[in-house]
Amino acid sequence: MFHVTDDGNAVWATGPEFQLEDNAKATDKTRCGWLYALYQPPVDSKTGIPLDSTKPSGEWNHIRMVISPEKCVHEINGVKYFEYVLGSDDFKQRVARSKFGTMPFFAKASSGFIALQGDHGSVSFRNIKLLPLKDKALTAGR
């Protein structure tokens with residue numbers, strides 16, 4: 001989760017969540033890489049289900065997440081899932097239609113903490129890098 005603040009009763013009540021999950025064993029409808037309850041990748045024409053570039057449990061996945069005022073991007077293992085703009089009309093409409101719509105502090109902060117959560121089993125993290133975006137070109141791609 002990102003842009004988390006101390007304003008809500010829980011971290012997920014303030015900051016949007018990049019879902020982390022073992023897609024093969026998941027019981028939650030939201031899959032790995034999606035912006036929880038808000039954005040998901042397009043449907044893969046080969047499988048008829050939303051795009052899934054995750055590796056199986058036990059293998060490391062590489063996640064790249066860009067969060068900027070101009071554009072946010074979600075990628076897993078080099079595959080771009082989607083992009084969105086925080087605070088845009090589209091973003092606000094999606095929040096209003098979701099369970100977060102009644103949460104007064106959800107996605108209101110333009111900065112904040114990062115929260116890592118293991119909700120339904122074990123999760124491991126390694127090589128976490130936080131890089132400030134100094135140039136708009138960094139949000140445009142690789």
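Here are a few things to note about the model shown:
- Among the residues making up the stretch 31-50, those that are assigned to a loop (DSSP other than H, G, I, E, B) and in contact with a strand residue (DSSP E or B) (Cβ under 6 Å, 6 or more places away or on another chain) are Gly33, Gln40, Pro41.
- The criterion of being in contact (Cβ under 8 Å) with a residue 60 or more places away in the chain and farther than 19 Å from Ile128 by Cβ does not hold for Ala24.
- Residue count, the stretch 55-83 (criterion: in a loop (DSSP other than H, G, I, E, B) and of a type outside the set (Lys, Arg)): 13
- Asp28 satisfies every condition listed in (1) assigned to a loop (DSSP other than H, G, I, E, B); (2) buried (at least 16 other Cβ atoms within 10 Å of the Cβ) except (2).
- Candidate set from the stretch 36-69 (those that are of a type in the set (D, E, K, R) and surrounded by 12 or more Cβ atoms within 10 Å (Cβ to Cβ)); member that is modelled with the lowest pLDDT: Asp44
- Residues that are among the charged types (D, E, K, R) and over 24 Å from Ser88 (Cα atoms) were ranked within the stretch 105-140; the one that is modelled with the lowest pLDDT is Asp119.
- Selection within the stretch 8-24 - over 16 Å from Val73 (Cβ atoms), out of contact with any Ser or Thr (no Cβ under 7 Å at 6 or more places or on another chain) and part of a loop (DSSP other than H, G, I, E, B): Asn9, Ala10, Gly15, Leu20, Glu21
- Residue in the stretch 52-70 that is in contact with an Asp or Glu (Cβ under 8 Å, 6 or more places away or on another chain), charged (D, E, K, R) and over 28 Å from Asp6 (Cβ atoms) present: yes
The values are calculated or read from the model by the stated rules, or taken from the named source; none is laboratory data. Because the structure is a prediction, the values reported are computed rather than measured. All Cβ positions, even for glycine, are placed from backbone atoms using ideal geometry, and neighbour counts span all protein chains on display.
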